[in-house]
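The values are calculated or read from the model by the stated rules, or taken from the named source; none is laboratory data. Please read these numbers as outputs of a predicted model, since none were measured by experiment. Side chains are part of the model used for accessible areas, which takes the heavy atoms of the whole protein and leaves out ligands, DNA and RNA. Shrake-Rupley method; radii C 1.70, N 1.55, O 1.52, S 1.80 Å.
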Amino acid sequence: MSTTKIPPLLEPYLSLPPEASLILLTSVLGASSNWLVLRHLYSYLRASAGEKGADVGVVLVSFMGDGAFWREGAGRLVSFTHPDNNPGLCGGGSSRLIMSTKGLDLDAMGRNGRFAFVDGLSGLFTGRAADAAGVDRGSRTLRSSETDHVRSEVEAALADLRTGTKVLVIDQLDVLLAASGEDVTSTGLAAMLLSLRERVRATLLTLSADDPLLHAQATTLEREHAALVLGQAHAAGRVMSLRMLDTGTARDVSGVVRITGEGHGEGKEEEEEEEGREYLYFVAGDGSVKVFERGT
């Protein structure tokens, strides 16, 4: 698959966000946001020591994947160089592409104080203590779904970073809402997020946005979920929404990514950003991703 670690069409949207930014990624069943989270991580952490951007650290909190899952995904990120220096979109001319280098070594990033992981899956939902034996050095495991506990663990992870600029990534926070009964509410989670955002340069949040969860609102959980997603969507400077093709499945298209908010251009381009842009994407079996415009 001809691709780069960060598809060129998405490069403007994955750079380090402005101060106090909130970026929301929404996904639906069949259109996971994992690949997009990994490419945000790569964009924030790719700078080597001494390079511009090397003073950026990331705390990743995940309620749907353990440390091994994210380490493997980050390590599998590959790029392809274009000998003619004209990559175009992401496809075409695959015979002229040269695969290069490995992805992110999150373990090394953790040892260097640039990355910390908070496991919101193992201790709460799988019944196993993932880090008890120190397998995931530099990571923490949530033991309670109470927002005070979650906040304190995330704050401790942020304190572990040895960088001047800190970014917080929270993956599938809505799982905590769904699995914790009436003890956790959308209001409580929103207050926790606001508190944590004050401690970082930017926050990246992923939530599920399936139609039954947002539009039916027949149960308390559906109403709470809708309140959380809609509230964060209104607060976000940028929303990147993933969905399946409207016409069903296709062999060479995994889904659609729609991007709204925080235009980078001026005039007409800025107006287009405010209205939203859509691209098609394809996630290959090896984890590589191709992003392209319709009709190309």
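Below are the figures for this structure:
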| item | result |
| --- | --- |
| Surface per residue (accessible, 1.4 Å probe) for segment 152-294, Å² | 48 |
| Surface accessible to a 1.4 Å probe, residue 293 within the full protein complex, Å² | 80 |
